[in-house]
(Lines give C-alpha, C1' and ligand atoms only; values in the text may rest on other atoms or scores of the structure.)
Protein backbone atom coordinates (compact mmCIF):
# COMPACT_ATOMS: atom_id res chain seq x y z
CA UNK A 1 0.00 0.00 0.00
CA UNK A 2 1.39 3.41 -1.00
CA UNK A 3 2.20 5.86 1.77
CA UNK A 4 -0.23 8.71 2.39
CA UNK A 5 1.07 12.21 3.13
CA UNK A 6 -1.16 15.06 4.31
CA UNK A 7 -0.22 18.51 2.98
CA UNK A 8 -2.13 21.46 4.41
CA UNK A 9 -2.60 24.40 2.07
CA UNK A 10 -1.55 22.09 -0.72
CA UNK A 11 -3.41 23.64 -3.66
CA UNK A 12 -1.33 26.81 -3.97
CA UNK A 13 2.18 28.13 -3.41
CA UNK A 14 4.84 26.02 -1.73
CA UNK A 15 2.22 23.46 -0.71
CA UNK A 16 1.21 22.86 -4.31
CA UNK A 17 4.80 22.28 -5.39
CA UNK A 18 5.34 19.91 -2.45
CA UNK A 19 2.18 18.02 -3.40
CA UNK A 20 3.29 17.66 -7.02
CA UNK A 21 6.73 16.38 -6.01
CA UNK A 22 5.18 13.83 -3.65
CA UNK A 23 2.88 12.57 -6.39
CA UNK A 24 5.83 12.21 -8.77
CA UNK A 25 7.59 10.09 -6.15
CA UNK A 26 4.60 7.74 -5.93
CA UNK A 27 3.03 8.91 -2.68
CA UNK A 28 -0.68 9.25 -2.10
CA UNK A 29 -1.35 12.85 -1.08
CA UNK A 30 -4.23 14.22 0.98
CA UNK A 31 -4.49 17.97 0.55
CA UNK A 32 -6.29 19.95 3.25
CA UNK A 33 -7.28 23.27 1.65
CA UNK A 34 -9.68 26.08 2.61
CA UNK A 35 -9.84 27.87 -0.76
CA UNK A 36 -12.59 26.35 -2.91
CA UNK A 37 -11.48 28.26 -6.01
CA UNK A 38 -7.92 26.96 -5.69
CA UNK A 39 -9.24 23.44 -5.11
CA UNK A 40 -11.34 23.56 -8.30
CA UNK A 41 -8.42 24.76 -10.41
CA UNK A 42 -5.99 22.22 -8.94
CA UNK A 43 -8.42 19.35 -9.56
CA UNK A 44 -8.61 20.36 -13.21
CA UNK A 45 -4.82 20.52 -13.44
CA UNK A 46 -3.92 17.41 -11.46
CA UNK A 47 -6.05 14.32 -12.12
CA UNK A 48 -3.92 11.68 -10.40
CA UNK A 49 -5.87 9.00 -8.55
CA UNK A 50 -3.23 9.34 -5.84
CA UNK A 51 -4.48 12.82 -4.98
CA UNK A 52 -7.42 13.51 -2.66
CA UNK A 53 -8.42 17.07 -1.74
CA UNK A 54 -10.50 17.89 1.31
CA UNK A 55 -12.05 21.28 2.03
CA UNK A 56 -10.81 22.10 5.52
CA UNK A 57 -10.17 25.09 7.77
CA UNK A 58 -7.30 23.77 9.86
CA UNK A 59 -8.01 26.23 12.66
CA UNK A 60 -11.28 24.37 13.43
CA UNK A 61 -10.88 21.10 15.29
CA UNK A 62 -14.06 19.50 13.98
CA UNK A 63 -12.97 20.13 10.37
CA UNK A 64 -9.49 18.72 11.04
CA UNK A 65 -10.86 15.53 12.60
CA UNK A 66 -13.28 15.06 9.70
CA UNK A 67 -10.57 15.63 7.05
CA UNK A 68 -8.23 13.15 8.76
CA UNK A 69 -11.05 10.61 8.99
CA UNK A 70 -11.74 10.99 5.27
CA UNK A 71 -8.03 10.79 4.40
CA UNK A 72 -7.71 7.48 6.24
CA UNK A 73 -10.91 6.19 4.65
CA UNK A 74 -9.50 7.06 1.22
CA UNK A 75 -5.95 5.75 1.54
CA UNK A 76 -6.03 3.46 4.59
CA UNK A 77 -3.22 5.09 6.54
CA UNK A 78 -1.25 8.26 7.29
CA UNK A 79 2.54 8.24 6.95
CA UNK A 80 3.40 11.93 6.98
CA UNK A 81 2.00 15.35 7.79
CA UNK A 82 3.31 18.52 6.15
CA UNK A 83 1.92 21.51 8.04
CA UNK A 84 2.28 24.12 5.31
CA UNK A 85 -0.90 26.24 5.39
CA UNK A 86 -0.31 29.80 6.58
CA UNK A 87 -1.59 33.34 6.19
CA UNK A 88 -0.14 36.79 6.86
CA UNK A 89 -1.64 40.12 7.81
CA UNK A 90 1.24 42.56 7.83
CA UNK A 91 0.26 45.99 9.07
CA UNK A 92 1.24 48.44 11.79
CA UNK A 93 0.71 47.08 15.29
CA UNK A 94 -1.45 50.14 16.00
CA UNK A 95 -3.75 49.14 13.14
CA UNK A 96 -3.72 45.35 13.54
CA UNK A 97 -6.93 44.30 15.27
CA UNK A 98 -7.02 41.54 17.84
CA UNK A 99 -9.35 39.63 15.50
CA UNK A 100 -6.75 39.82 12.72
CA UNK A 101 -4.00 38.79 15.15
CA UNK A 102 -6.06 35.84 16.40
CA UNK A 103 -6.82 34.63 12.86
CA UNK A 104 -3.12 34.50 11.92
CA UNK A 105 -2.28 32.63 15.13
CA UNK A 106 -5.24 30.28 14.62
CA UNK A 107 -4.23 29.24 11.10
CA UNK A 108 -0.44 29.32 11.43
CA UNK A 109 0.00 27.85 14.92
CA UNK A 110 -3.22 26.32 16.22
CA UNK A 111 -3.73 24.60 12.85
CA UNK A 112 -0.44 22.66 12.97
CA UNK A 113 -1.16 21.73 16.59
CA UNK A 114 -4.60 20.36 15.71
CA UNK A 115 -3.36 18.46 12.68
CA UNK A 116 -0.49 16.93 14.67
CA UNK A 117 -2.81 16.05 17.57
CA UNK A 118 -5.30 14.16 15.44
CA UNK A 119 -2.85 12.64 12.96
CA UNK A 120 -0.54 11.37 15.72
CA UNK A 121 -2.35 8.07 16.43
CA UNK A 122 -2.18 7.17 12.74
CA UNK A 123 1.43 8.32 12.40
CA UNK A 124 2.47 6.21 15.38
CA UNK A 125 1.11 3.14 13.64
CA UNK A 126 3.30 3.81 10.58
CA UNK A 127 6.37 5.31 12.33
CA UNK A 128 5.60 8.46 10.39
CA UNK A 129 6.95 11.97 10.24
CA UNK A 130 5.67 15.50 10.82
CA UNK A 131 7.21 18.40 8.93
CA UNK A 132 6.21 21.92 9.95
CA UNK A 133 6.79 24.89 7.67
CA UNK A 134 8.40 27.50 9.88
CA UNK A 135 10.10 30.61 8.45
CA UNK A 136 13.27 32.67 8.72
CA UNK A 137 10.80 35.29 10.06
CA UNK A 138 10.81 33.28 13.29
CA UNK A 139 14.35 34.52 13.88
CA UNK A 140 14.56 37.91 12.15
CA UNK A 141 11.97 40.47 11.14
CA UNK A 142 10.92 43.36 8.98
CA UNK A 143 8.54 46.03 10.33
CA UNK A 144 4.85 45.24 10.72
CA UNK A 145 5.14 41.45 10.81
CA UNK A 146 4.23 40.85 14.47
CA UNK A 147 1.44 38.34 13.92
CA UNK A 148 3.20 36.28 11.26
CA UNK A 149 6.60 36.30 12.96
CA UNK A 150 5.09 35.36 16.31
CA UNK A 151 3.13 32.50 14.76
CA UNK A 152 6.26 31.11 13.13
CA UNK A 153 8.25 31.45 16.34
CA UNK A 154 5.54 29.32 17.88
CA UNK A 155 5.85 26.75 15.09
CA UNK A 156 9.58 26.47 15.83
CA UNK A 157 8.88 25.79 19.51
CA UNK A 158 5.97 23.47 18.73
CA UNK A 159 8.29 21.40 16.56
CA UNK A 160 10.83 20.53 19.24
CA UNK A 161 8.07 20.05 21.83
CA UNK A 162 6.25 17.58 19.58
CA UNK A 163 9.51 15.78 18.81
CA UNK A 164 9.98 15.09 22.52
CA UNK A 165 6.34 14.13 23.11
CA UNK A 166 5.77 11.93 20.05
CA UNK A 167 9.12 10.17 19.78
CA UNK A 168 10.42 7.64 19.21
CA UNK A 169 7.62 6.51 16.90
CA UNK A 170 7.14 9.88 15.18
CA UNK A 171 9.89 12.23 14.04
CA UNK A 172 9.07 15.95 13.98
CA UNK A 173 11.15 18.59 12.17
CA UNK A 174 10.60 21.99 10.62
CA UNK A 175 11.80 23.85 7.55
CA UNK A 176 12.40 27.61 7.55
CA UNK A 177 12.23 28.96 4.00
CA UNK A 178 13.76 32.28 3.06
CA UNK A 179 12.67 34.03 -0.12
CA UNK A 180 10.87 31.32 -2.07
CA UNK A 181 9.24 32.80 -5.15
CA UNK A 182 5.82 31.23 -5.67
CA UNK A 183 4.16 34.46 -6.79
CA UNK A 184 2.84 32.73 -9.92
CA UNK A 185 1.82 29.51 -8.15
CA UNK A 186 -1.54 30.84 -7.05
CA UNK A 187 -5.13 30.49 -8.16
CA UNK A 188 -5.71 32.38 -11.41
CA UNK A 189 -7.44 35.34 -9.77
CA UNK A 190 -4.39 36.00 -7.57
CA UNK A 191 -1.42 34.76 -9.61
CA UNK A 192 0.98 37.63 -10.26
CA UNK A 193 4.44 36.36 -11.24
CA UNK A 194 7.21 38.54 -9.89
CA UNK A 195 10.01 39.53 -12.26
CA UNK A 196 13.18 38.47 -10.47
CA UNK A 197 15.98 40.96 -11.10
CA UNK A 198 19.72 40.41 -11.15
CA UNK A 199 19.89 42.43 -7.93
CA UNK A 200 17.44 40.00 -6.34
CA UNK A 201 19.63 37.08 -7.36
CA UNK A 202 22.91 38.69 -6.41
CA UNK A 203 21.88 39.52 -2.85
CA UNK A 204 21.75 35.79 -2.15
CA UNK A 205 25.07 34.02 -1.45
CA UNK A 206 24.00 31.22 -3.80
CA UNK A 207 23.24 33.69 -6.59
CA UNK A 208 19.53 33.04 -7.03
CA UNK A 209 16.11 33.34 -5.40
CA UNK A 210 14.56 30.15 -4.06
CA UNK A 211 11.69 28.22 -5.61
CA UNK A 212 9.14 25.73 -4.39
CA UNK A 213 11.19 22.75 -5.50
CA UNK A 214 13.91 23.72 -3.02
CA UNK A 215 11.43 23.16 -0.20
CA UNK A 216 9.87 20.07 -1.76
CA UNK A 217 13.25 18.34 -1.92
CA UNK A 218 13.83 19.04 1.78
CA UNK A 219 10.39 17.63 2.57
CA UNK A 220 11.24 14.43 0.70
CA UNK A 221 14.55 14.19 2.59
CA UNK A 222 12.85 14.51 5.97
CA UNK A 223 10.11 12.03 5.07
CA UNK A 224 12.67 9.40 4.13
CA UNK A 225 12.83 6.78 6.93
CA UNK A 226 16.54 6.31 6.20
CA UNK A 227 17.01 9.71 7.88
CA UNK A 228 15.55 8.41 11.13
CA UNK A 229 18.25 9.95 13.36
CA UNK A 230 16.91 13.46 12.68
CA UNK A 231 14.18 14.92 14.88
CA UNK A 232 13.42 18.19 16.64
CA UNK A 233 15.47 20.14 14.12
CA UNK A 234 14.97 23.27 12.03
CA UNK A 235 16.36 23.35 8.49
CA UNK A 236 16.93 26.83 7.05
CA UNK A 237 16.54 26.92 3.26
CA UNK A 238 17.31 30.52 2.36
CA UNK A 239 20.26 30.61 -0.02
CA UNK A 240 22.52 31.66 2.85
CA UNK A 241 20.79 34.97 3.56
CA UNK A 242 20.49 34.55 7.34
CA UNK A 243 24.28 34.08 7.55
CA UNK A 244 25.09 37.18 5.52
CA UNK A 245 26.35 40.29 7.32
CA UNK A 246 24.84 43.43 5.83
CA UNK A 247 26.16 46.89 6.66
CA UNK A 248 24.55 49.94 5.09
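Results, tabulated for the structure shown:
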item	result
Residue that is nearest to residue 177 (Cα to Cα) [pool: residues in the stretch 208-236 that are part of a loop (DSSP other than H, G, I, E, B) and without any contact (Cβ under 8 Å) to a residue 12 or more places away in the chain]	224
Evaluation of residue 175 against (1) at pLDDT 95 or above; (2) touching a helix residue (DSSP H, G or I) at 6+ places or on another chain (Cβ under 9 Å); (3) over 21 Å from residue 25 (Cα atoms) (one fails), failing number	(3)
Residue within the stretch 47-62 that is under 23 Å from residue 170 (Cα atoms) and surrounded by fewer than 19 Cβ atoms within 10 Å (Cβ to Cβ) present	yes
Pair list, Cβ < 9 Å and 6+ apart or interchain, from the stretch 153-170 residues that are at positive phi and without any contact (Cβ under 8 Å) to a residue 60 or more places away in the chain to residues that are assigned to a helix (DSSP H, G or I) and surrounded by 14 or more Cβ atoms within 10 Å (Cβ to Cβ)	none
Conditions (1) surrounded by 15 or more Cβ atoms within 10 Å (Cβ to Cβ); (2) within 25 Å of residue 91 (Cα to Cα); (3) at pLDDT 95 or above: number failed by residue 187	(3)
Selection status of residue 59, in a loop (DSSP other than H, G, I, E, B) and touching a residue at least 40 places away in the same chain (Cβ under 8 Å)	yes
Count - residues of the stretch 237-248 that are at negative phi, assigned to a loop (DSSP other than H, G, I, E, B) and either touching a residue at least 60 places away in the same chain (Cβ under 8 Å) or in contact with a strand residue (DSSP E or B) (Cβ under 6 Å, 6 or more places away or on another chain) (or both)	1
Residue list for the stretch 72-121, restricted to those being surrounded by fewer than 16 Cβ atoms within 10 Å (Cβ to Cβ), part of a loop (DSSP other than H, G, I, E, B) and touching a strand residue (DSSP E or B) at 6+ places or on another chain (Cβ under 9 Å)	76
Which numbered condition residue 89 misses (of (1) farther than 20 Å from residue 148 by Cβ; (2) in contact with a helix residue (DSSP H, G or I) (Cβ under 7 Å, 6 or more places away or on another chain))	(1)
Residue 68 vs. criteria under 21 Å from residue 129 (Cβ atoms), in contact (Cβ under 8 Å) with a residue 60 or more places away in the chain, over 16 Å from the mean Cα position of the chain (by Cα) and not in a strand (DSSP E or B)	yes
Pairs, first without any contact (Cβ under 8 Å) to a residue 24 or more places away in the chain in the stretch 192-205, second in a helix (DSSP H, G or I), C-beta under 9 Å, six or more apart	194/200
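The values are calculated or read from the model by the stated rules, or taken from the named source; none is laboratory data. Note that the structure is a prediction, hence the values are computed from the model and not measured. Every residue, glycine as well, gets a Cβ built from its backbone with ideal geometry; the counts of neighbours run over all protein chains shown.
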